[in-house]
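Undergrad: For reference, the structure I am asking about is given below.
The values are calculated or read from the model by the stated rules, or taken from the named source; none is laboratory data. In this text, all values refer to a predicted model and were calculated from it rather than measured experimentally. Every residue, glycine as well, gets a Cβ built from its backbone with ideal geometry; the counts of neighbours run over all protein chains shown. Accessible surface is based on the protein model in full, side chains and every heavy atom, while ligands, DNA and RNA are left aside. Shrake-Rupley method; radii C 1.70, N 1.55, O 1.52, S 1.80 Å.
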Amino acid sequence: MTNQTRKPKTKQQKKQAISAATSPGGRVPFHRISITIREDQYKTLIERELSLSALVRDLLDDRFSSNKVTINLSDQGKHFYDMLISNFGTQDIDLEPFLLQALDNFVGQKINQIQEIRKQLKNQL
């Protein structure tokens, strides 16, 4: 293990490591690492034409984020999500405007349903 990849021990070393990993433009450069996966995982990646690097980055971002949201999707929805995230350089944060719009549409639909129920209720009074 080289000095560059050794885990920082003190707070000062951690700050220095974070500072060193961040370029002047504020972007964190990528680091190449080795990872071991099972054969079935490898076959699935190849079959779905997914980027393991992008999937791992996304998983790490989710794991270390205090803003994580987990959404269960159909097989088809999950397939398209994985394809977009791994192949187009997209991150979850890029989907936020679309998620917010979908939530707004969902709330609007629920409001309409509640108004219809209320209208039916008033007709019964």
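Undergrad: Taking 7 Å along the Cα-to-C-beta vector as the label spot, tell me the Ile37-Arg118 distance in nanometres, rounded to one decimal.
TA: 5.0 nm
Undergrad: Now for a separate question. Compute the relative contact order of region 22-125 as a whole-number percentage, counting only Cα pairs closer than 8 Å that sit 6 or more residues apart in sequence.
TA: It rounds to 24 percent for region 22-125.
Undergrad: Kindly report, to the nearest 10 Å², the accessible surface of His79 as traced by a 1.4 Å probe over protein heavy atoms only.
TA: 70 Å²
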